[in-house]
Amino acid sequence: MTHMNRRRFLKASGALAATAAASQSCAVLGSKVHAVRRDRRPNVVVILTDDQRWDCMSCAGHPFLKTPNMDRLAAEGARFANAFVTTSLCSPSRASMLSGLYAHTHQVINNFTDFPKALASYPRRLQEAGYETAYIGKWHMNEKTDEKQPGFDFWASHKGQGTYYDTTFNIEGNRQVLKGYYTHRVTDLAEDWLRRPHTRPFLMILGHKAPHGPFQPEPKYEHIFDNIKIEKPATVNDIGEGKPSWVRERLATWHGINGPLYGLQEWDKFIRCYLGVLPSVDDSVGRIYETLRAIGQLDNTLLIYLSDNGFMLGEHGGIDKRCMYEESIRVPLVVRYPEWITTPRVVNEMVLNIDLAPSILDLCGAQPLGRRIHGRSWKNLLRGDARGWRRSWYYEYNYEKEFPYTPNVRGVRTDEWKYIHYPNGDGQPDKYKAELYHLASDPLETKNLIDAPEHADRVRQLRAELLALQKAAGGLPDVMPVNPELKMEMPEQSIR
């Protein structure tokens, strides 16, 4: 943050009084916060990325992307190896994280809908419980508004996607262009807010733009992977026999590997740019970690790192999310909170984005969101207690006319199996071939077993399980666009 912009931020946020305190040594400031703060309920810091797939961390096995700060959180806490989203699309997933509800209930079913003002959320619950609350960065529910949302005492966000450089922010009602690289600027705002004197526990959500496309690495990391040979995924040509026809039909679109690749045109450049924005995010994680340490609140903070959805990097010919293939629905989720996670671990149970809200409230001892939410707390999983945990869950996505390359999607996933189908919405037979994968033997989802006679009973079983899960979540009758028509033209420029 430049000197002039930091001064503007401080003035806009009413934080000038904190300037003198911030100039003191970290130890003095930290001790001051400890002296004032007697409430030992945990603080909460949620770091949310956009379109980061689960394996884009070195601790998750990426072959050359290095993320030492994300890795440190995992080494000192818990990494969920099987975290998924119930709708792989930015706004619906973000609304599910806040509310603990499936999209069919919270009704943010696309990227152009506001989060309902009256809907309960974990920030509102924590605010009601006396927490100081802040949202900083990308909100992305309704492309056209940057207005402050219920549940937050402090607000610094922007309309739509934002840009990697020089985004216009609404900081507590004062709109200003924050010059510089997005990842650094939102981290500056977050550090400044954290360094304020806090006499109560706090919640801060930091929303990154990265690695959402079109990707633009900062100069420091622009060429970091130039000497790395970029291989296409093993399943890049898995688009033929066995796959539904829409997978092939969209190859030359905005969401296909033969399309413009977000304007980058070259495959190697596309991958290097996607990965090249993540080291900046990792630096940001390190800065937040060190700021919490400096103010004396690191070990009393529930620190959560996750993404709103995954992203396909050429698998099955796609470069998007929305569908139910693993690369689309699987996300990173790392939690650090040593007061509860006494033994660092990898959690293998299936957890969902709808579990975030009830888990945070449970760990903070706050009032639950109610009996009718669909998620559940993973608090006990952090200590290795998986008794009674889910063995299956279901997925829903509704066709969008703005991005008409993916049909309606419904499916069910278990530890070993996945069933996907593409309903027309009118009760008639599906237009596109359904899919059945034995994930235990086919993790890359290349062998569609839907027509295999020996698996007919399995298909019937999973169809029944899907209906039972939908019924339990209030998802029936299942309302969706009727007879969606896939189109191959490029999306409107402002929403790409």
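The values are calculated or read from the model by the stated rules, or taken from the named source; none is laboratory data. In this text, all values refer to a predicted model and were calculated from it rather than measured experimentally. Don't worry about glycine lacking a Cβ; one is built from the backbone with ideal geometry, like all the others, and counts go over all protein chains shown.
In segment 346-403, the residue that is surrounded by the most Cβ atoms within 10 Å (Cβ to Cβ) out of those that are part of a strand (DSSP E or B) and among the aliphatic types (A, V, I, L, M) is 352. For segment 425-451, the set of residues classified as surrounded by fewer than 17 Cβ atoms within 10 Å (Cβ to Cβ) and among the acidic types (Asp, Glu) consists of 426, 430, 442, 451, listed by residue number. Tell me, please, whether a residue that is under 18 Å from residue 356 (Cβ atoms), surrounded by fewer than 22 Cβ atoms within 10 Å (Cβ to Cβ) and in contact with a strand residue (DSSP E or B) (Cβ under 7 Å, 6 or more places away or on another chain) can be found in segment 107-125. No. Looking across 233, 197, 219, one residue alone is under 27 Å from residue 256 (Cβ atoms) and either at pLDDT below 95 or in the same structural domain as residue 148 (by TED's automatic domain parsing) (or both). It is 233.
All conditions in (1) closer than 17 Å to residue 88 by Cβ; (2) touching a residue at least 24 places away in the same chain (Cβ under 8 Å) hold for residue 437, with the sole exception of (2). Examine segment 476-485 for a residue that is among the acidic types (Asp, Glu), more than 17 Å from residue 421 (Cβ to Cβ) and more than 26 Å from the chain's Cα centre (by Cα), and state whether such a residue exists. Looking for residues that are among the acidic types (Asp, Glu), more than 17 Å from residue 421 (Cβ to Cβ) and more than 26 Å from the chain's Cα centre (by Cα), one finds at least one in segment 476-485, hence yes. At least 1 residues being over 21 Å from residue 238 (Cα atoms) is the threshold, and among the strands (runs of 3 or more DSSP E) wholly inside segment 408-468 those reaching it are 409-414. Could you please let me know if residue 176 is over 24 Å from the mean Cα position of the chain (by Cα) and not assigned by TED's automatic domain parsing to the domain that holds residue 403? Spelling it out, residue 176 is indeed over 24 Å from the mean Cα position of the chain (by Cα) and not assigned by TED's automatic domain parsing to the domain that holds residue 403. Exactly one residue out of 288, 295, 319 is buried (at least 21 other Cβ atoms within 10 Å of the Cβ) and either in contact with a Cys (Cβ under 8 Å, 6 or more places away or on another chain) or without any contact (Cβ under 8 Å) to a residue 40 or more places away in the chain (or both): that is 295.
Within segment 118-147, the set of residues being within 21 Å of residue 185 (Cβ to Cβ), touching a Ser or Thr at 6+ places or on another chain (Cβ under 9 Å) and of a type in the set (Ser, Thr, Tyr) comprises just one member, 135. Residues in segment 276-311 that are under 22 Å from residue 341 (Cα atoms), in contact with a Phe, Trp or Tyr (Cβ under 9 Å, 6 or more places away or on another chain) and not charged (D, E, K, R): 285, 297, 298, 300, 301, 302, 303, 304, 306, 307. Of the set (1) of a type in the set (Asp, Glu); (2) loosely packed, with under 14 Cβ neighbours inside 10 Å; (3) within 24 Å of the chain's Cα centre (by Cα), all apply to residue 454 but (3). Scanning segment 469-484 for residues that are in a loop (DSSP other than H, G, I, E, B) and either in contact (Cβ under 8 Å) with a residue 40 or more places away in the chain or among the small types (Gly, Ala, Ser) (or both) yields a total of 10.
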